[in-house]
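Encoded as C-alpha cells, the structure appears first; notes follow it.
Derivation of every value follows stated rules applied to the coordinates shown; laboratory data play no part. Only a predicted model underlies this, so the values are computations on that prediction, with no experimental measurement involved. When we count neighbours, we look across all protein chains shown, and the Cβ atoms used for this are built from the backbone with ideal geometry, even at glycine.
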Amino acid sequence: MAPLPATTPSNRTLTGMERAAAIMLALGETHGAPLWAQLDELEVRELSAAMSTLGPVDPGVVEDLLVNFVGSMSSTSGLVGNVDSTERLLTQLLPKERVNQIMEEIRGPAGRTMWEKLSNVQEQVLASYLKNEYPQTVAVVLSRLRAEQAARVLAIFPDDFALDVVRRMLAMESVQKDILERIEQTLRSEFMSGLSQSSKQDPHEQMAEIFNSFDRQTEARFLSKLEEAAKESADRIKQLMFTFDDLGKLDSAGVQTLLRDAPRDKLAVALKGASQTMRDFFMGNMSSRASKMLLDDIEAMGPVRLRDVDEAQSILVNLAKDLAASGQISIVKSKGEDELVY
C-alpha cells in the first residue's frame, strides 16, 4: 500500500504496520477474520504488537485509512506480482531462513505441491487447457488426479479425444521420473502461473466480497466516499456485489431450494426489512398456507432493528452462495450477465 498521510491527534505519522493495525482494529472480528486467516504466526504476532501499542487514532484518520485502503485495492492500475517481487518484499519483512522456506515451497522442487493445487482447479478450466495437449500427456495428468475429478474432466472432453485418453490410460505403464517432472514443470510454468495471474487481475471482486460483509450503513458510507475518490472503481464494485435483492433473480427451483434450507425465523426478519417486491417474490414461491404463516410471523414481530435485518439477509445470501458452490442452485450477478462461480 502506498504511504498515506495519516496522523494521530499527536501528529505522529503512522508507520506501515501501524496503518495495518488501525485497519484491522476498524474491521473488527467479523470483517477482519478472513484477513487474519491469511497471516502466518509471525505476521500475527507483529500485527498484534502494533495494535497493542497503537494508542488513540482520530476517527477521521481511521475513515481515511479505510477509504484509501479500498481505493488502492480497487485501483484500475492493479498490482503485478511475480516470484522475484514476492521474494524482495518478504526479505524486508521476515527472517532470511523463513523467506528461503517460503520461496522453496513456491518454486518447487517440481511436483511438490502441484497435484494438490491441480485438484482445486475447476474441471471446466482444466479441461479447456488439457484438450490442447497431446493425449498421452493428458493421460498422465488424469492418472495423477482423484478419480472423481478425472471423471468430470473426461466428461467435458469431445468424445473421440476422451476415448483416446482413456485407451492411453489403460495401456499406461509406470511413468519415468524425468517425464513426470517435465509435465509438472510445464503445468507450473504455463497453466498454474497463468491461472494465478488471471484470478488476481481484478481486485474489485475481492473488494466486493468485503463490501458484502458490511452492514448497509457502513457499506453506503464507504461507497459514497469511494464514488468521490474513484467513481469507476465504486461502480465496478457495485456491479460485482451480490446482495439480498439479487436473490430475486433465482429461478423457481432455486428459490424453493433456498427456502427449504433457510431458517424460518431468519427468513421472517429478512423479509420484514425487505421491499414489497422481494416479499412477493419469496411468498410467490411458497404454498398459500406457508406464505400466510410467514406473513403472520412478520406482522407479529413488531419493530425490528436494522442491524438484525442486515444479519438475517446476510445469512440468506451466504446460504445461497453455499448452495451455489455445491451445485444445488445457480445465482447471477447484479446485472444478470453471468453466473457467479464459488
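Label positions at L180 and D215, each projected 7 Å from the Cα along the C-beta direction, are separated by 5.5 nm.
Legend: residue pairs K225/K321; K225/K249; K266/K321; K272/K292; K117/K177, Cα-Cα distance threshold 23 Å; pairs beyond threshold, K225/K321; K225/K249. Both radii come from the Cα set of the range 191-312: Rg as radius of gyration, Rh as Kirkwood radius; their ratio Rg/Rh reads 1.07.
The range 18-74 and the range 300-317 have Cα centres spaced 28 Å apart. The label-point distance for E205 and K96, in a model that sets each label 7 Å from Cα toward Cβ, rounds to 3.9 nm.
For the range 110-159, state the semi-axes of the equivalent ellipsoid (square roots of 5 times the eigenvalues of the alpha-carbon gyration tensor), sorted largest first and rounded to whole angstrom.
They are 17, 12, 10 Å, listed from largest to smallest.
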